[in-house]
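Just so you know, all these numbers are worked out from the coordinates, no wet-lab data involved. Nothing here was measured: the structure is a model prediction, and the numbers come from that model. Cβ placement follows ideal geometry from the backbone for every residue including glycine, while neighbour counts extend to all protein chains displayed.
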């Protein structure tokens, strides 16, 4: 560990200097912060499409959303719902970072899930109905479309990559963005991800029987599955020296990460938690910290029977007895599972928790079960947090763990 | 900084399956583009595609598994197996599973499943949905199935970046090696041409069609009018140079430098900028061959020519250039197959031709190779252009220290 720490000290430090978010519980960082503190749930009946025939009708949909507040009609013809969310969050994050475009080489790295599926579905539905749909509905279907529009809008010239590993996409995008800064490929990276609800993902999760008929209740004994969510989260990453040099506000540092594959099953996690434990251990090693230095785990916590059980087992494997003293919560209890945006949304939640000295609760959690018997933070709680570990686990066994720390710890 | 080298390649392409058949097809100038018979093209303006022919998944994957895998996943598994074998690597024996990673560029894998699933939703309603389809709608299915099949447990990711999808994956793979997150990385690109994707390209009026001179992939030809959609997989095994030297294995080539650009600048400027960036970072004086990104689209080819002329005004008419998409068609991750070709060109000293170059476009003014050309190639400029905003070049050099 000492060697890892020494290596760590030599590596360029990457910090977060701006954040922007839009999700069911907040259209700005400030609103999102307030909702996290209150444990406000954004999971309601879906109105975006008809889901009356499905076992669940709930999702954390962004309500009362009027795209014309943000975009003109001409622009909107080229943007699907997810692209709009990404651009809205990016605008807030870039303004928050007060970059002033001071000559740095800025790149984009985003994670997306279904991307422009909602637009493609309109096209497909019309096609199946014998109509002649507008071909431009298909343009946003390529998953990298949002990253391209973002780079175009803000004239970002640097490297650009879109990560498409379902539920871990935007966590990986943050990790990779940091590496591009360390490797000298970019000075600043605009990272994060976006997701919009779509019929396909909604029906898809229903077909797998992992959708809770009620708003999801991660880690609770009565949990029956997940609730989907939507939104976008964008974070501005830059080298610490650069950020300090320009006197930027620093939300925290990405201390380390791990991305690995379970090589087990296309949908199910390895059930003993050994693989997830390995990923968390590798991230701790990368960050050069001991498990007991972690103050809070921002869990993947989807609310499915299996995920919450396996994640708990993995935490117990790494922290052993200490696991019972460790606060663990799932913001998916409030904003739903935002798939491609989830890792980004949870990174923003982790950094806000650190900055504002609190732990977001697992809303709706009342009673654990035999395996899920840790501290899932049912009520809002004040706490000093110096190090947060955030998990994102995806279909295909794509696991990503990020570790954030206070920059002045 | 650690140098990254390529020690294995695996190819499934419209001109041939396997390294040798692929190479033979390339230097013969074999046209991989055919009238599509696999699905009905009557509603479309375009009729041709660069489909992979004669692919037998049973040669690579157990029979029971095949049914559960989409075509992109089958391609990815088969090409990865070939590449690992080529690199003399057996996971677990030569590298621990946790130190082997896979970073794949995937072009529209899973879309056929997404279409089938959504069709069921629309036509039959929510009561009768097929749970097998949904998990395979995600673009990371191909990389995940491959990691499961081969037991790869290290860094695992999938990227899509428009027509530079494979190049973006290779950059990510190099970065993971340089950061010592893994010792072996399986990377490259895989594309699956499904009927719904073909329909989409056709509806967007991006594909080649018969306007009197036949439906062809004709890069740099005056009468080009769109690209021909293709599919396949081009997989490479990346290692740090020191590790490869220690293993004493064949080194196809070295990734010398990358350069990327995006934003809203004028396309020709971006092409010029990335080329000069890659040359500067790679410390290169000469380029022996340009692996063109030209795909027979009127604008893209012109943009590439303009960028080349701007940055190499005196030299670009002397450096041999070939547009392999004339034979292979275009897939958004087809950069992987082209990179595999680059490495074979370095090894074998023959430049494959550009076919269908009949009516030279006077505004291009490049040295387009139309017959297989013997030449000592030490450095290749691999172009990646996506007109919707991503520009990426990779400079690939011989691994023997000659260059």
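Under 1.5 on a/c is rounded, so check that first for the stretch B:339-403, then, if it is not, pick prolate when a/b is larger than b/c and oblate when it is not; a ≥ b ≥ c are the square roots of the alpha carbon gyration tensor eigenvalues. Before the final figure, lay out the partial values.
Working: a/c = 2.37, a/b = 1.24, b/c = 1.92.
In terms of gyration-tensor shape, oblate.
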Hull-based mean projected area of the stretch A:225-361, where the convex hull spans the alpha carbons, in square nanometres = 9.0
Output the peptides A:398-409, A:65-76, B:257-268, B:307-318 sorted from most to least packed, where packing is the average of other Cβ atoms within 10 Å over each peptide's residues.
-> A:398-409, B:257-268, B:307-318, A:65-76
Treat the stretch B:20-69 as a sphere of radius equal to its Kirkwood radius over Cα pairs and apply Stokes-Einstein at 10 °C in a medium of 1.306 mPa s; give the translational diffusion coefficient in µm²/s, rounded to a whole number.
-> 117
For chain B: span of alpha carbons on each principal axis (Å, largest first) | 66, 57, 40
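Considering just Cα atoms, how many Å³ per residue does the convex hull of the stretch B:79-190 enclose?
Numbers: hull volume 11.6 nm³, N = 112.
Enclosed volume per residue, from the Cα hull, is 104 Å³.
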Pair-distance profile P(r), taking every C-alpha pair of the stretch B:1-47, with 10 angstrom steps and integer % | 22, 29, 27, 15, 6, 1
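Relative to the compact-globule scaling 2.2 N^0.38 Å, provide the ratio for the alpha-carbon radius of gyration of the stretch B:128-173.
On the way: Rg = 13.0 Å, N = 46, 2.2 N^0.38 = 9.4 Å.
With N residues counted in the stretch B:128-173, Rg over 2.2 N^0.38 Å equals 1.38.
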Which value, in Å to one decimal place, does the Kirkwood hydrodynamic radius take for the stretch B:220-269 when every pair of different Cα atoms is included?
-> 16.0
Roughly how many whole Å is it from the C-alpha centroid of the stretch B:36-58 to that of the stretch B:321-388?
-> 23
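Give me the inter-chain shielding for B:211-224: mean count of other chain Cβ atoms within 10 Å, whole number please. Let's see the in-between values first.
Working: counts 0, 0, 0, 0, 0, 0, 0, 0, 0, 0, 0, 0, 0, 0.
Mean partner shielding for this stretch: 0.
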Rounded if a/c is under 1.5, else prolate if a/b is larger than b/c, else oblate: which is the stretch B:242-337, with a ≥ b ≥ c the root eigenvalues of its Cα gyration tensor?
-> prolate
Given C-alpha coordinates of the stretch A:264-335, what is the ratio Rg to Rh with the Kirkwood estimate of Rh?
-> 0.96
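On alpha carbon coordinates alone, what is the Rg over Rh value for chain A, Rh being the Kirkwood radius? Kindly include the intermediate steps, with their values, before the conclusion.
On the way: Rg = 19.8 Å, Rh = 20.8 Å.
Looking at chain A, the ratio lands at 0.95.
Where does each of B:46-57, A:121-132, A:333-344 land if you order them by average Cβ count within 10 Å, highest first? Don't skip to the end; give the middle numbers.
Working: B:46-57: 19.1, A:121-132: 14.9, A:333-344: 33.4.
The packing order, highest mean first, is A:333-344, B:46-57, A:121-132.
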Other chains near B:178-185: what is the mean number of their Cβ atoms within 10 Å of each residue's Cβ?
-> 3
Summing -39500 (n - 2.57) over every DSSP H run of at least 4 residues in chain A and dividing by its residue count gives a helix-only mean residue ellipticity at 222 nm, to the nearest 500 deg cm²/dmol, of -10000 deg cm²/dmol
Hey, any idea what the orientation-averaged projected area of the convex hull of the stretch B:1-158's Cα atoms comes to, in nm²?
-> 12.7
Distance between the stretch B:259-282 and the stretch B:179-224 - C-alpha centres, whole angstrom | 22
Tell me, what does the Kirkwood hydrodynamic radius of the stretch A:180-224 come to in angstroms if you use every pair of distinct C-alpha atoms?
-> 14.1
Under Stokes-Einstein, with the Kirkwood radius over Cα pairs standing in for Rh, what whole-number D in µm²/s applies to the stretch A:93-251 at 25 °C and 0.890 mPa s?
-> 139
When only C-alpha pairs under 8 Å and at least 6 residues apart count, what is the relative contact order of chain B, in percent?
-> 24
If you count, for every residue in A:261-271, the Cβ atoms of partner chains within 10 Å of its Cβ, what is the mean?
-> 6
In deg cm²/dmol, rounded to the nearest 500, the helical mean residue ellipticity at 222 nm of chain B, built from -39500 (n - 2.57) for every DSSP H run of length 4 or more, is -10000 deg cm²/dmol
If only Cα atoms are counted, what is the Rg of the protein assembly as shown, and what is its Dmax, in Å?
-> 24.9, 76
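Just the Kirkwood number for the stretch A:8-154, please: inverse of mean 1/r across all distinct Cα pairs, in Å, one decimal.
17.7
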Among A:165, A:25, A:201, the residue with the largest mean-square fluctuation in a Gaussian network model of chain A built from Cα contacts under 10 Å is A:201
Once the convex hull of the C-alpha atoms of the stretch B:258-403 is built, how many Å³ does it hold per residue, rounded to a whole number?
-> 101
Two decimals is fine: what is log10 I(q)/I(0) at q = 0.12 Å⁻¹ for the stretch A:179-282, from a Debye sum with one equal scatterer on every Cα and no solvent?
-> -0.71
5 Å binning of all Cα-Cα separations within the stretch B:143-232, expressed as whole percents from 0 upward = 3, 12, 16, 17, 15, 11, 9, 9, 6, 2, 1
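If Rh is defined by the Kirkwood formula over all Cα pairs and Rg also comes from Cα, what ratio Rg/Rh do you get for the stretch A:324-389?
Numbers: Rg = 12.0 Å, Rh = 12.5 Å.
Computed over Cα atoms, the ratio is 0.96.
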For the stretch B:100-165, build the convex hull from the C-alpha positions and give me its volume per residue in Å³.
-> 87
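Highest first, please rank the peptides A:230-236, B:89-95, A:148-154, A:181-187 by the mean number of other Cβ atoms sitting within 10 Å of their residues. Don't jump to the answer; show the numbers that get you there.
Numbers: A:230-236: 33.0, B:89-95: 15.3, A:148-154: 21.4, A:181-187: 19.9.
My ranking of the peptides, most packed first, is A:230-236, A:148-154, A:181-187, B:89-95.
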